[in-house]
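Engineer: Input: one structure, supplied below.
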Amino acid sequence: MAYKDFMNPDLAWMPQQLRDRIGNHKGDDLVIIDTRPAPDYCAGHIEGAAHFDLYGVSLNDTRSEALAAFIWTLASLMEIRGVDYDKTVVFYESNTGFRAARGFWFLEYLGHEDVHILDGGIRAWKMAGFPL
């Protein structure tokens, strides 16, 4: 579902879009990131999802040196989870909220052009009847 009046109409993916993408054998170019707290991730997550709780990732010192170090660290943390500029990235959390949006924003800031949020988060995924 595209939201035609938004600057990025493909930002939010419906659960079926993600399920179709997982199932079409293009999994090597898809990175799914679960941004919920670790206990929630361990209790069940979308197949193939990496865990990255972005809640505590922040920077208070905005001097150029600190900002450069922060950006390098953030890029490294994303790379560890399989993110690169040639892959589609989908963030999710319990619903469509702060943590997933933070991941989206970080990657947009880093210049990634194919990043999305699961509309409704894992709740919508489960309501659609998809497995964890």
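The values are calculated or read from the model by the stated rules, or taken from the named source; none is laboratory data. All figures in this text were calculated on a predicted structure; none of them were measured in a lab. Please note: Cβ atoms are built from the backbone with ideal geometry, for glycine as well, and neighbour counts cover all protein chains shown. Ligands, DNA and RNA are stripped out before the accessible areas are found, and what is left, the full protein with its side chains, is counted by its heavy atoms. Shrake-Rupley method; radii C 1.70, N 1.55, O 1.52, S 1.80 Å.
Engineer: Ignoring ligands, DNA and RNA, what accessible area per residue does region 37-83 give at 1.4 Å, in Å²? It would help to have the intermediate numbers written out before the result.
Structural biologist: Details: 2950 Å² over 47 residues.
Counting only protein heavy atoms, the per-residue value for region 37-83 is 63 Å².
Engineer: Between Asn95 and Ala68, 0.36 nm times their residue separation minus their Cα-Cα distance comes to what?
Structural biologist: Numbers: separation 27, 0.36 × 27 = 9.72 nm, distance 3.13 nm.
Here the segment from Asn95 to Ala68 would lengthen by 6.6 nm.
Engineer: For the chain, what does the equivalent ellipsoid look like in terms of its semi-axes, each the square root of 5 times an eigenvalue of the Cα gyration tensor, given largest first in whole Å?
Structural biologist: Numbers: eigenvalues 120, 54, 41 Å².
That gives 25, 17, 14 Å for the three semi-axes.
Engineer: Follow-up. Full extension from Leu132 to Asn60: what is 0.36 nm times the residue separation minus their Cα-Cα distance, to one decimal in nm? Working shown, then result.
Structural biologist: Numbers: separation 72, 0.36 × 72 = 25.92 nm, distance 3.61 nm.
Length gained between Leu132 and Asn60: 22.3 nm.
Engineer: Summing Lys, Arg as +1 and Asp, Glu as -1, what charge do residues with Cβ under 13 Å from the Cβ of Pro131 carry, Pro131 excluded? Let's see the in-between values first.
Structural biologist: Numbers: positive: Arg19, Lys126; negative: Glu47.
It works out to a net charge of +1.
Engineer: Grab the other residues whose beta carbon is less than 13 angstrom from that of Cys42, score K and R as +1, D and E as -1, and report the net.
Structural biologist: Working: positive: Arg36; negative: Asp34, Asp40, Asp53.
With Lys, Arg at +1 and Asp, Glu at -1, the net is -2.
Engineer: A follow-up question, please. Summarise the accessible area of region 10-132 (1.4 Å probe, protein heavy atoms) by the percent that is carbon and sulfur. Let's see the in-between values first.
Structural biologist: Working: 3610 of 6670 Å².
Ligands and nucleic acids excluded, carbon and sulfur reach 54 percent.
Engineer: To the nearest 10 degrees, how steeply does helix 64-80 sit against the main Cα axis of the chain, on a 0 to 90 scale?
Structural biologist: Value to nearest ten degrees: 30.
Engineer: Quick one: dipole size for the chain, taken about the Cα centre, charges +1 on Lys/Arg Cβ and -1 on Asp/Glu Cβ, in debye to the nearest 20.
Structural biologist: Working: 12 positive and 19 negative charges, 84 e Å.
Here the chain has a charge dipole of around 400 debye.
Engineer: Multiply the residue gap between Leu11 and Glu79 by 0.36 nm, knock off their C-alpha separation, and tell me the result in nm, one decimal place.
Structural biologist: Numbers: separation 68, 0.36 × 68 = 24.48 nm, distance 2.09 nm.
Result for the pair: 22.4 nm of gain on full extension.
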